[in-house]
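One structure is given here, and the rest of the page talks about it.
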Amino acid sequence: MRKIWDFHGGVHPPENKHQSLARPIKSAGIAPELVLPLNQHIGAPAEPIVDVGQRVLKGECIAKPDGIISVPVHAPTSGTVTAIEERSVAHPSGLTTTCIVIETDGEDHWTEHSGIPDYANADRGTLLACIRNAGIAGMGGAGFPTAVKLGVNPKAGRIDFLILNGTECEPYITADHVLMRERAEEIVAGTEILRQLVNPREVLLGIEDNKPDAIEALRRACEGTGMEVVVFPTKYPSGGEKQLIEILTGRQVPSGGLPADVGVVCQNMGTAVAVYQAVAHGEPLISRITTVTGEAVARPGNFDVLLGTPMSFLLEQSGFSAGRDQRLVMGGPMMGFTVPDADVPIIKTTNCILAPTAEELPAPPPAQACIRCGLCAEACPASLLPQQLYWFSRGKEYEKLEAHNLFDCIECGACSYACPSNIPLVQYYRASKAELTQLRRDQAKSEHSKTRFEARQERLQREAEEKEAQRQARKQAAEARAREAAETGSAEQDPIQAAIERAKAKKAAAAGDDSQQPAADMDPAQQAIERAGAARSTDANQSPAEKARANLERLEQRLQKSEAKLAASREAGAEDSIIEALQTGIEKLRPKLEAARAEVAALPAKSEPEPAAEPAAAPPERELDAAQLAIERARQARADSANQTPEEKARANLERLQQRLEKSETKLAASREAGAEDTIIEALEAAIDKLRPKLEAARREVDELNTGQEA
Ligand code: SF4
Ligand code: SF4
């Protein structure tokens, strides 16, 4: 005879189970529209893989898992996806979540599917993948992904007990009860697969003594399997995982620990059936057994219902008639919660819809002050101190809540049930858990940011140290080279010092003899003067014949240059005044060139001795230097003026002076712009200063002459 243990606390609320046990499981049929939330499980929501308007078949995957703690979602029947949108779901907060909406076609057409052949000999990985791909999550309430739970490595070394939870201790709910009663073989077949995966020492099917027909069915199905059906006294909440483990094994799961820590794996009866259907037939989790009960329904019972079916569709089939202050509760009266409206869908964890009348389940009376009676602590199956937790929750003393193991609370509601002051204790705990969870998330986020900041600071410091080390190494190497050079007398020199030396040498060279200055740096006028000076000194040493030939050569060169310049100016589209000036210059050159040619032609042959130079003879026509040209122009002007009237002379003089002033001013401006030497600038300024009074005098003279003529 197996020993049965007891757990601390517990209560005995009215069971109210018989109402829904009178009928066998009934198929709920196909609702016109199914609404499938993407997070029907604990963990990350699944990701949709279908589009609006897409036709889907029964059993087709419509949302894939997003991460390890996640499961896929499948189409419960054939139809068309009409929306992927936010819808209200069954949740205490009444929140909305993303759902895939399918308009059903009534054909219930299956997608191609098949189970694992000879699954009794399949390996562990294949079985776990099959369970995961079938979207199975714990159907007892929490909805933890089954494949993840089965894949956990036990800290205790091995799993001693595989426990199938058939307790169903919550009042009103009979979904597991009828499942055990009507589908015990499938439960046992699924448990065989679980045993294959977990390889436990013992397999125990735990069930309360208030379900005799289910006990009988299970015992029959277990015959010859080595599995044991263990029956124990009814007490709420014996179905809590930790409480059931203690009842069947005497082992206590530590605070914050898992059943695997004490060598136990616990699964729900409905989950075992889902595993069997997935592995043996390749059918994903697309339906479940749900109890519809309460005095507001005429035909309470259990339905095999497609996931996504609206609650209202099920209620309709049960003869629901809404009464005064009608409440609809998802789950039982102890752990369930009121749903926001009757259209929320059935999901993987929906075990009961309770539609009580106002008399049957009246609204809780107003809470009174705590009288410190301690009944809540006596009822608590987790051996907590509900009264203290209540005060800490009200004061938002989160550290104390954690220190008093708030997260060991299974939210069974036994404390609230026992409280004579009607304090909704469990509601305080739920709110505090949500706040603490958010706080932990924020802290984790903040820690993450802090870690990243510190890592960055460390990296920056490391880089700065590396740079400094490199700089020091370079400095030491340079010092070592300098020492070596000093010791060996080597000419090796610091590159910077060498650059300084080069700069000094260049400066010294620039400051040296002016005679070394290249001709290119000289002012153009100065260059012309230099050239003229050089020509004069050359002329002085030449015979008259040599001078005539040199003159001819120069004139030819000048003409060529002038013609080339004229052609280039025309091509470049130069101004007319420039073109005309060049043409005038060429026209003046041509007679000079002819005269020079005639002079050379008249010279005796080269073999004949040349006559001695005649210093008094008139100079041959040749290119003259600037001074000589000026003299020539002056002579010409004198010759011209000899034939002019006084008025003409005065006007010609004024015109010349104006031209000279303009030229000088242009030259001064060009010299300034070219950065010519100060001496040149000063000379030009002095010349202009001298010209201006002359120009004024010439103007006055012309004016006077004009005045005299008018008179
Ligand atoms: S049962 Fe209620 S009244 Fe009694 S100690 Fe607990 S909270 Fe206070
Ligand atoms: S709801 Fe929490 S505190 Fe209250 S009895 Fe249950 S486990 Fe204990």
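Of note:
- Residues with amide H under 5 Å from that of K17, placed H, sequence gap 5 or more: Y172
- The stretch between S383 and D261 holds 42.0 nm of extra length on full extension. This uses 0.36 nm per residue minus the Cα-Cα distance.
- Rounded Å value of the spacing that divides the Cα centres of region 42-98 and region 443-482: 50
- 5 angstrom amide H check on V11, placed H, neighbours 5+ away: Y236
- Test item: Cα-centred dipole of the chain, Lys/Arg +1 and Asp/Glu -1 on Cβ, debye: 1440
- Only Lys, Arg (+1) and Asp, Glu (-1) charged, at Cβ; region 377-484 dipole about Cα centre in debye: 660
- Each label was represented as a point 7 Å from its Cα along the Cα-to-Cβ direction; for A697 and E86 these points are 10.4 nm apart.
- Cβ-defined net charge surrounding T271, 11 Å radius [Lys, Arg +1; Asp, Glu -1]: +2
- Unit charges at the beta carbon, dipole of the chain: most positive-side option, P254, G59, I173: P254
- Kirkwood analysis of the Cα pair distances in region 644-711 returns a hydrodynamic radius of 13.3 Å.
- Estimated vicinal HN-Hα couplings, Hz - region 236-246 in sequence order (Karplus 6.51, -1.76, 1.60; Gly, Pro = x): 8, x, 4, x, x, 4, 5, 5, 5, 4, 5
- Couplings 3J(HN,Hα) of region 301-314, computed from phi: x, 10, 10, 8, 10, 5, 4, x, 5, x, 3, 4, 5, 5 Hz, in residue order, whole Hz [Karplus 6.51 cos²θ - 1.76 cosθ + 1.60, θ = phi - 60°; x for Gly and Pro].
- Space enclosed by the convex hull of the alpha-carbon atoms of region 18-354, per residue, Å³: 129
- Long-range HN-HN contacts of V230 with modeled amide H, under 5 Å: L205, G206, I207
- Taking 0.36 nm per residue of separation and subtracting the current Cα-Cα distance, fully stretching the chain between E662 and D66 would add 205.5 nm.
- Anchor K433: aspartates and glutamates whose Cα lies under 17 Å away (excluding residues fewer than 8 positions away in-chain): E397, E399, E402, D408, E411, D442
- Overall form of region 225-303 per C-alpha gyration tensor (a/c, 1.5; a/b vs b/c): oblate
- Summarising the label geometry, the points placed 7 Å from Cα in the beta-carbon direction at E15 and K690 lie 14.0 nm from one another.
- Convex hull volume per residue, computed on the Cα atoms of region 377-484, equals 116 Å³.
- Compactness of the chain was expressed as the Cα radius of gyration divided by 2.2 N^0.38 Å, which yields 2.15.
- Linear extension gain, R441 paired with R23, 0.36 nm per residue minus alpha-carbon span: 145.8 nm
- In nm, spacing of pseudo-spin labels at D341 and Q368 (7 Å Cα→C-beta vector): 4.0
- Sequence-distant lysines (8 or more away, or on other chains) whose Cα lies within less than 30 Å of K211: K3, K17, K26, K149, K235, K242, K348
- With Cα atoms, 0 to 90° folded angle of helix 626-642 axis to the chain main axis: 60
- Each residue of region 694-703 was assigned a 3J(HN,Hα) from its phi angle through the Karplus expression (A = 6.51, B = -1.76, C = 1.60, θ = phi - 60°), giving 5, 5, 5, 5, 5, 4, 4, 4, 5, 4 Hz with x at Gly and Pro.
- Tilt relative to the chain, helix 212-222 - C-alpha long axis, 0 to 90 degrees, to 10: 70
- When the Cα positions of A581, C352, P14 are compared along the charge dipole of the chain, P14 comes out farthest toward the positive end, with charges on each C-beta of Lys, Arg, Asp and Glu.
All of the numbers you see were taken from the coordinates with simple rules; none came from a lab. Since we're looking at a predicted model, the values are computed, not measured. In this analysis, Cβ positions are derived from the backbone assuming ideal geometry, glycine residues included, and neighbour counts consider all displayed protein chains.
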